[in-house]
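Working notes, beginning with the structure itself.
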Amino acid sequence: MSGKRRSGKFLLAFVVSALGMFALLLAPPLRPLVEGFSGKLAFAAGWAIRACGGACLQQAAFLSNPARGFTMEVRDGCNGANVVILLWAAILAYPTGRRWKAIGLGAGLAAIMPLNLLRLITLFYLGQYHPSIFEFAHLYLWEMLIIIDAMAVFALWVRRAKIGTRVMEK
């Protein structure tokens, strides 16, 4: 198969996978699961903040510090699901075996979620102590860092999947 045709097949599979997963993310029957996931991320962030001596109240997907008058909500764009979906769509679209796809899906999730948790914690503190840069950090800086993380994971995974596939074929 020519490189151009392979690229077109990858792009089509990527778009179909991404659209399908985003449709699931937004499907009304699954919204309680997504919102519950956001709440669990807020719980983990709140726990980490308190474990390190910080003041944080957590309720559902909200983190707050009433003494400083700051509250933030972990929503769809903040829970890392959008970047995970894009990474997973790329992994599912890539032409390799199921075993390597499963490894990539798990590794991708394991690479993005801890970084996203760190993102939530830093944003919680930025919102309290440096509110003037909160929006920039939230909308641009951390978004870029999470996307770069996903791109690096994909590039490393592709390299490993190619080597692993060649070894298995021998």
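The values are calculated or read from the model by the stated rules, or taken from the named source; none is laboratory data. Please read all numbers here as calculations on a predicted model, not as lab measurements. Using ideal geometry, Cβ is built from the backbone for each residue, glycine included, and neighbour counts are taken over all protein chains shown. Note: areas computed on protein heavy atoms with side chains; ligands, DNA, RNA excluded. Shrake-Rupley method; radii C 1.70, N 1.55, O 1.52, S 1.80 Å.
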- Taking springs between alpha-carbon atoms closer than 10 angstrom, which of 21, 113, 144 fluctuates most in the Gaussian network model of the chain? 144
- Note on the structure: With only helices counted (DSSP H, runs n ≥ 4, each -39500 (n - 2.57)), the per-residue ellipticity at 222 nm for the chain, to the nearest 500, works out to -25000 deg cm²/dmol
- Task: Would you mind listing how long the stretch 20-93 runs along its three principal axes, going by Cα atoms, in whole Å with the largest first?
- Result: 46, 25, 16
- Task: Can you find, among 57, 96, 112, the residue farthest towards the positive end of the dipole of the stretch 31-170? Put +1 on the C-beta of Lys and Arg, -1 on that of Asp and Glu.
- Result: 96
- Message: Return the equivalent ellipsoid semi-axes of the chain as a descending list in whole Å, where each equals the square root of 5 times an eigenvalue of the C-alpha gyration tensor.
- Response: 35, 16, 14
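Averaged over all directions, how much area does the convex hull of the C-alpha atoms of the stretch 81-170 cover when projected, in nm²?
Numbers: hull surface 22.5 nm².
Approximately 5.6 nm², given one-decimal rounding.
Give, rounded to the nearest 20 debye, the magnitude of the charge dipole that the chain has about its Cα centre when Lys and Arg contribute +1 at Cβ and Asp and Glu contribute -1 at Cβ. Write out the running numbers ahead of the final one.
Values: 18 positive and 7 negative charges, 219 e Å.
Computed about the Cα centre, the dipole is about 1060 debye.
Ignoring ligands, DNA and RNA, what percent of the 1.4 Å accessible area of the chain is carbon and sulfur? Each step should come with its number before you reach the end.
Numbers: 7170 of 10250 Å².
Looking at the chain in its full context, I get 70 percent from C and S.
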- Top positive-direction residue, dipole computed over the stretch 1-84 with Cβ charges, set 13, 84, 28: 13
- Message: Amide H of residue 70 versus every other amide H placed in the peptide plane: which residues, excluding those fewer than 5 positions away on the same chain, fall under 5 Å?
- Response: 65
- Item | Sorted peptide list for 120-132, 84-96, criterion being average Cβ within 10 angstrom, highest first | 84-96, 120-132
- Message: So if I place +1 on the C-beta of Lys and Arg and -1 on the C-beta of Asp and Glu, and nothing else carries charge, what would the dipole magnitude of the stretch 50-131 be about its Cα centre? I want it in debye, nearest 20.
- Response: 240
- Message: Whole-Hz ³J(HN,Hα) for each residue in the stretch 2-10, computed from phi via Karplus 6.51 cos²θ - 1.76 cosθ + 1.60 with θ = phi - 60°, x for glycine and proline: what do you get?
- Response: 5, x, 5, 5, 4, 5, x, 5, 4
- Among 2, 70, 121, the residue whose Cα sits farthest towards the positive end of the charge dipole of the stretch 1-133, when +1 is placed on the Cβ of each Lys and Arg and -1 on the Cβ of each Asp and Glu, is 2
